[in-house]
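Chemist: Right, I'll just put the structure down here and ask away after.
The values are calculated or read from the model by the stated rules, or taken from the named source; none is laboratory data. These numbers were taken from a predicted model, which means no experiment stands behind them. Cβ atoms come from the backbone with ideal geometry, glycine included; neighbour counts cover every protein chain shown. Heavy atoms of the whole protein, side chains included, go into the accessibility calculation; ligands, DNA and RNA do not. Shrake-Rupley method; radii C 1.70, N 1.55, O 1.52, S 1.80 Å.
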Amino acid sequence: MYKIDDLVMYRNIGVCKIVDITKREQFDSVGEYYTLKPVNDERSTIFVNVNNKNVMMRYLLPAEEVRSIVDNLEQIDGYSCDNDRERDAHYRELINSGKTTNWVQVIKGLYHRKLDRNKKGKDLSQQEERLFRTAEKLFYSEISCVLNIPMEQVVDYITEKVGHSIRV
């Protein structure tokens, strides 16, 4: 069970702080709930049933593991597929998995797709752009919190580590 003040990754929201654990009535039943505050959106509050095992919520990775992922970004392959529906569905699965390396697969896959489409004078679809931004937000927010780097400096940190620009 998580504790008050724990930082967790929550679904596709990103890093959240557990600010309270309380009993609440939801849908005619009383249960214990975590009260989460997204670290990048103080206006939002999320309530998660303590016993809900179907929701993706996990502790942040240790700093050594985050550094290792960033140091080895070049070894993580981006996912690609020619079928739009299959590709988008797989990207959603990768994002919802809660695994940091899976978010990198989405980012890299869509990054390369964006480069290819830009050469043809086209953009990513709105759905692809949303998936790309979600994967970036999740990955960058974990790096920011774990390594204590301001969110606006995460791209520069990654660029420095990989040795080239990571922006299209």
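Chemist: Any residue in the range 11-19 that is of a type in the set (Lys, Arg) and open to solvent by 50 Å² or more (accessible area, probe 1.4 Å)?
Modeler: Yes: the range 11-19 contains one or more residues that are of a type in the set (Lys, Arg) and open to solvent by 50 Å² or more (accessible area, probe 1.4 Å).
Chemist: Of the residues that sit in the range 148-161 and are open to solvent by 30 Å² or more (accessible area, probe 1.4 Å) and in contact with a helix residue (DSSP H, G or I) (Cβ under 6 Å, 6 or more places away or on another chain), which one is nearest to Leu115 (Cα to Cα)?
Modeler: Checked the range 148-161; the qualifying residue nearest to Leu115 (Cα to Cα) is Lys161.
Chemist: What's the number of the condition Val50 fails, among (1) surrounded by 15 or more Cβ atoms within 10 Å (Cβ to Cβ); (2) in contact (Cβ under 8 Å) with a residue 40 or more places away in the chain?
Modeler: Of the numbered conditions (1) surrounded by 15 or more Cβ atoms within 10 Å (Cβ to Cβ); (2) in contact (Cβ under 8 Å) with a residue 40 or more places away in the chain, the odd one out for Val50 is (1).
Chemist: Separate question: Could you identify the single residue in Gly78, Gly98, Gly109 that is within 17 Å of the chain's Cα centre (by Cα), touching a residue at least 12 places away in the same chain (Cβ under 8 Å) and within 24 Å of Val8 (Cβ to Cβ)?
Modeler: After ruling out the rest, the residue left standing is Gly98.
One line per residue, one yes/no per condition, for (1) of a type outside the set (A, V, I, L, M, F, W, C); (2) surrounded by fewer than 16 Cβ atoms within 10 Å (Cβ to Cβ); (3) closer than 21 Å to Val146 by Cα:
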{"site": "Glu25", "(1), (2), (3)": "yes, yes, no"}
{"site": "Thr45", "(1), (2), (3)": "yes, yes, no"}
{"site": "Cys81", "(1), (2), (3)": "no, yes, no"}
{"site": "Ile95", "(1), (2), (3)": "no, no, yes"}
{"site": "Lys108", "(1), (2), (3)": "yes, no, no"}
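Chemist: I need every pair where a residue in the range 120-135 that is touching a residue at least 12 places away in the same chain (Cβ under 8 Å) and β-branched (Val, Ile, Thr) has its Cβ under 8 Å from the Cβ of a residue that is open to solvent by 50 Å² or more (accessible area, probe 1.4 Å) and outside any helix (DSSP H, G or I), sequence separation at least 6 or different chains.
Modeler: Every condition considered, the pairs that remain are Thr134/Asn12.
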